Amino acid sequence: MREILAEESRAIALIPYSEAYDRAVELIVDRVHRRGGKLVTSGMGKAGQIALNIATTFSSTGIPAVNLHPSEAQHGDLGVLQPGDVMLLISNSGRTSEIVSLIDLAHNLYPDIPTIVITGNAESPLARMATATLVTAPVGEVCPLGLTPTTSTTMMTVIGDILVVNVMKMTGFTKADYAKRHHGGYLGHKSRS
């Protein structure tokens, strides 16, 4: 257990900082907070679950966000996308066919829609198509087979948290704002106390 914790902690510490983080935060603040658009997240498989988590966290912190399944987008759900939105797409390989197709479909519908990409491959097709590319650390999975998304999904989650926290700071999101969005449960109670 300690070895796995150490490996995942090391991977998080190795996530490289670039100005793309500042660009991504500014895109979200400008398009969603200032102009009234929304954040549309997407990923396939495990990355899709991380994308959904990021969308719900943003929604709970004052940034309207939805998760768009990339396959369903090809069957009409792309209609959720509007010209004032910003997309956050996640693919460890940067070559996931459903996500590459999604960005093509989105740009065909709205050529100027900005895209933020979280990937482990800075040279991938998806990274080259992005407005801002956020790269994970170049480390393997802790899975004994080296296949199951484990370390990569941990880094993707942390990058999502970095975006959420920095957007909260930029927008001045308060505890009172949080309480308005959390009426039930422990967090709702805690935010009003």
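Tabulated values for the structure
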{"item": "Extension gain (nm, one decimal) between Glu123 and His75, 0.36 nm per residue minus Cα-Cα", "result": "14.4 nm"}
{"item": "Where the chain is the region considered: accessible area per residue in Å², 1.4 Å probe", "result": "50"}
{"item": "For region 23-91: relative contact order, % (alpha-carbon pairs under 8 angstrom, 6 or more apart)", "result": "44"}
{"item": "Packing-based ranking, highest mean first, of 143-149, 39-45, 80-86 given that Cβ atoms within 10 Å are counted", "result": "39-45, 80-86, 143-149"}
{"item": "Kirkwood Rh in Å, taken over all unlike Cα pairs in the chain", "result": "17.1"}
{"item": "Only Lys, Arg (+1) and Asp, Glu (-1) charged, at Cβ; region 56-193 dipole about Cα centre in debye", "result": "700"}
{"item": "Simple label model, 7 Å out from Cα along Cβ direction - Ser18 to Ser59, nm", "result": "3.0"}
{"item": "Theoretical ellipticity at 222 nm over the chain - DSSP helices of four or more residues, -39500 (n - 2.57) apiece, nearest 500", "result": "-14500 deg cm²/dmol"}
{"item": "Whole-percent carbon and sulfur share, accessible surface of the chain, 1.4 Å", "result": "56"}
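The values are calculated or read from the model by the stated rules, or taken from the named source; none is laboratory data. What you see is a predicted model, and the numbers here were worked out from it, not measured in a lab. We place every Cβ from the backbone using ideal geometry, glycine too, and count neighbours over all the protein chains shown. Ligands, DNA and RNA are stripped out before the accessible areas are found, and what is left, the full protein with its side chains, is counted by its heavy atoms. Shrake-Rupley method; radii C 1.70, N 1.55, O 1.52, S 1.80 Å.
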